[in-house]
Amino acid sequence: MRNRRWVLAVFLLFIEFCLRIEAFKFHRTQQTERISGSAGDVLEDDPFGRLKVFVYELPSKYNKKILQKDPRCLNHMFAAEIYMHRFLLSSPVRTLNPEEADWFYTPVYTTCDLTPNGLPLPFKSPRMMRSAIQLISSNWPYWNRTEGADHFFITPHDFGACFHYLEEKAIERGILHLLQRATLVQTFGQRNHVCLKDDSIIIPPYAPPQKMQAHLIPPSTPRSIFVYFRGLFYDVGNDPEGGYYARGARASVWENFKDNPLFDISTEHPTTYYEDMQRAVFCLCPLGWAPWSPRLVEAVIFGCIPVIIADDIVLPFADAIPWEEIGVFVAEKDVPKLDTILTSIPIDEILRKQRLLANPSMKQAMLFPQPAQPRDAFHQILNGLARKLPHDKRVYLKSGDKFLNWTAGPVADLKPW
């Protein structure tokens, strides 16, 4: 065991030495690398002039009053629904004439119902969403002509418009029936899952840009940590028997690598968390209760190669960000081989991933800054909507056509909000 640790320690020193030498060359020559091919073009697209969005003016009980009641909603990882609303109100794509709109947006803050610990409760969300849809369908003609097919909604819950934080319950509920024809803009993405529609736009979770900016360290700082992770490995409170949380992947990380000197992993969340990520080569981004987490955003912003451990995950803006090129994908069953997988990656490949991560466009696409900036996450959402245009003529219903069942779903969802 002692010999093994000595070998691993020597390996870590060798990796650090190689990265220091190559980083020196890197900083004296080219610091970033543009994404090649169509992905780079998509990332740098300008959506203005390509679409018009009509924003419904709803009573403040659906948005502003909820936020006034609990301003913490501005800082949690589901806050994209709030910031997208604010962005659209002053965006050049907004039109005040619904007759010329390509898309219709309903600003409902369904995640702004927080526990004392700051966790969003989804139980009121279905009734709130149904109420808002009933309102717009009664007061404007645009929902009824397509039953929502030219409408989009921001649904950043753990499992999107299934509106539950436990996967089993989310699957049982399914996507709220009234949203079946709408385009959903959501953080949740997993292939072949009932909570993901094929035409959804997957976005990053909200991470506070100003807070991360305040913790930047000089880019020449050596990356002396090989693998970094801070977070839960077990959720005893919600999964006392173990094995369900993160499908056992996080537990496997801890059990296999807690004593491995290449792995700096812990449940403690130090004040130097952001700085530590900037000193790491690889940052683990395993699934938790849902496949996504803010770590993915943090890793990209801080140039730490994301190690994505979440089978079948669909990642944000996948048509613009070349995740296969900037990250490392590890199957959940292969977690025990994580050390072998990562130490087998050639130095040249590591450096290329770092150069791509250093591309400002890559970082910008993951953020919701205030005020908005070119090529940020707001603009990537608009790009996604613009690429869906023009709408197929078949989305417009003929007289008498109906697809949605307004009484479908759990009985509790039908109660007035």
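The values are calculated or read from the model by the stated rules, or taken from the named source; none is laboratory data. It should be emphasised that the depicted structure is a prediction, and the values quoted were computed from it without experimental measurement. Neighbour counts are summed over all protein chains in view; Cβ atoms, including those assigned to glycine, are modelled from backbone coordinates with ideal geometry. These area figures cover heavy atoms from the full protein model, side chains too; ligands, DNA and RNA do not enter into them. Shrake-Rupley method; radii C 1.70, N 1.55, O 1.52, S 1.80 Å.
Points to keep in mind about this one:
- In summary, residue 199 fulfils each of the numbered conditions (1) free of Cβ contacts under 8 Å to residues at least 60 places away in the same chain; (2) part of a loop (DSSP other than H, G, I, E, B); (3) not polar (S, T, N, Q) with the single exception of condition (1).
- Test set (1) within 30 Å of residue 280 (Cβ to Cβ); (2) open to solvent by 10 Å² or more (accessible area, probe 1.4 Å); (3) not aliphatic (A, V, I, L, M) - residue 392 fails condition number: (1)
- Here residue 309 meets the list (1) surrounded by 22 or more Cβ atoms within 10 Å (Cβ to Cβ); (2) out of contact with any strand residue (DSSP E or B) (no Cβ under 6 Å at 6 or more places or on another chain) almost entirely, failing just condition (2).
- Filtered residues of region 248-272 (kept if buried (at least 19 other Cβ atoms within 10 Å of the Cβ) and assigned to a helix (DSSP H, G or I)): 249, 250, 251, 252, 253, 257
- Check on residue 118, without any contact (Cβ under 8 Å) to a residue 60 or more places away in the chain and outside any helix (DSSP H, G or I): yes
- Scope region 137-171; condition open to solvent by 10 Å² or more (accessible area, probe 1.4 Å), modelled with pLDDT of 95 or more and either touching a Gly at 6+ places or on another chain (Cβ under 7 Å) or in a helix (DSSP H, G or I) (or both); matching residues: 137, 138, 139, 142, 144, 145, 171
- Residue in region 276-283 that is part of a loop (DSSP other than H, G, I, E, B), over 30 Å from residue 46 (Cβ atoms) and open to solvent by 60 Å² or more (accessible area, probe 1.4 Å) present: yes
- Search result, residues across region 50-82 that are surrounded by fewer than 19 Cβ atoms within 10 Å (Cβ to Cβ), assigned to a helix (DSSP H, G or I), out of contact with any strand residue (DSSP E or B) (no Cβ under 8 Å at 6 or more places or on another chain) and not polar (S, T, N, Q): 61, 64, 65, 67, 69, 71, 74
- Some residue of region 215-228 being open to solvent by less than 30 Å² (accessible area, probe 1.4 Å), under 19 Å from the mean Cα position of the chain (by Cα) and over 16 Å from residue 330 (Cβ atoms): no
- Looking across region 310-365, the residues that are outside any loop (DSSP other than H, G, I, E, B) and of a type in the set (Ser, Thr, Tyr) come down to 340, 343, 361.
Conditions tested, residue by residue: (1) within 20 Å of residue 167 (Cα to Cα); (2) touching a residue at least 24 places away in the same chain (Cβ under 8 Å); (3) touching a strand residue (DSSP E or B) at 6+ places or on another chain (Cβ under 6 Å).
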| residue | (1), (2), (3) |
| --- | --- |
| 182 | no, yes, yes |
| 209 | no, yes, no |
| 219 | no, yes, no |
| 237 | yes, no, no |
| 245 | yes, yes, no |
| 249 | yes, yes, yes |
| 255 | no, no, no |
